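Heads up, the thing below is written out as structure tokens.
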């Protein structure tokens, strides 16, 4: 099973897992978080990330979802990427996380990354009157 790690600012990572747990009815196995709160030593953050990656590694790879490319969570991850084993995607949202949880047992990590990036893009919509009418009949 591909492990999934969410690394984000504040309590976003924990909040996403809480929402996913609500939708799925249980806390998914092989899912962990790191919340970057305040300022901390970059080496300390790297050590925490390395430790969490080791905990999640069951041999099928690890997908790391971060909140903002170019910020500390993504920059810390950049030092640890291993193509086809440790992959990262920035811009995490709930639809991306749910898609990752649903497909991680059936896709290899490179294909999962492609599916999640596509799903993340497709999950962003302008909620217009036309869209609402199509969805609700109102």
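Taking only Cα atoms, what is the 0 to 90° angle, nearest 10, from helix 42-56's long axis to the longest principal axis of the chain?
It works out to around 70 degrees.
Taking the Cα atoms only, what angle lies between the long axis of helix 109-122 and the longest principal axis of the chain, rounded to 10 degrees?
40 degrees
Among 4-10, 21-27, 83-89, 64-70, how do they line up by average Cβ neighbours within 10 Å per residue, starting with the highest? Intermediate results must be reported in sequence, preceding the final value.
Values: 4-10: 21.9, 21-27: 9.7, 83-89: 15.7, 64-70: 19.9.
Ranking, from highest mean packing down: 4-10, 64-70, 83-89, 21-27.
Expressed in nm to one decimal, what extension gain is obtained for the pair residue 60 and residue 21 from 0.36 nm per residue of sequence separation less their Cα-Cα distance?
Extra length available between residue 60 and residue 21 comes to 11.8 nm.
Given the DSSP H assignment, sum -39500 (n - 2.57) over each helix run of at least 4 residues in the chain and divide by its residue total; what's the result at 222 nm in deg cm²/dmol, nearest 500?
-15000 deg cm²/dmol
Roughly speaking, what is the stretch gain from residue 107 to residue 125, that is 0.36 nm per residue apart minus the C-alpha to C-alpha distance, in nm to one decimal? Show your work: numbers first, answer last.
Details: separation 18, 0.36 × 18 = 6.48 nm, distance 2.60 nm.
Gain on stretching residue 107 to residue 125: 3.9 nm.
Helix 94-103 versus the longest principal axis of the chain: what angle, 0 to 90°, nearest 10, using Cα atoms?
80 degrees
Would you work out if the stretch 65-127 is rounded, prolate or oblate? Take a ≥ b ≥ c from the square roots of the eigenvalues of the alpha-carbon gyration tensor; rounded if a/c is under 1.5, else prolate when a/b is larger than b/c, oblate otherwise.
Working: a/c = 2.45, a/b = 1.15, b/c = 2.12.
The shape class here is oblate.
Where a ≥ b ≥ c are the square roots of the eigenvalues of the C-alpha gyration tensor, would you call the stretch 1-53 rounded, which needs a/c under 1.5, or, failing that, prolate if a/b is larger than b/c, or oblate? Don't skip to the end; give the middle numbers.
Details: a/c = 4.34, a/b = 1.61, b/c = 2.69.
It comes out oblate by the Cα gyration axes.
Would you mind classifying the chain by shape? Square roots of the alpha carbon gyration tensor eigenvalues, ordered a ≥ b ≥ c; an a/c under 1.5 is rounded, otherwise it is prolate if a/b is larger than b/c and oblate if not. Intermediate results must be reported in sequence, preceding the final value.
Working: a/c = 1.93, a/b = 1.55, b/c = 1.24.
Because a/c hits 1.5 or more and a/b exceeds b/c, the chain counts as prolate.
Readers should treat all values here as calculations from the given coordinates under stated rules, not as data from a laboratory. Everything numeric in this text was worked out from a predicted model, so none of it was measured. Virtual Cβ from ideal backbone geometry, glycine too; neighbours counted across all protein chains shown.
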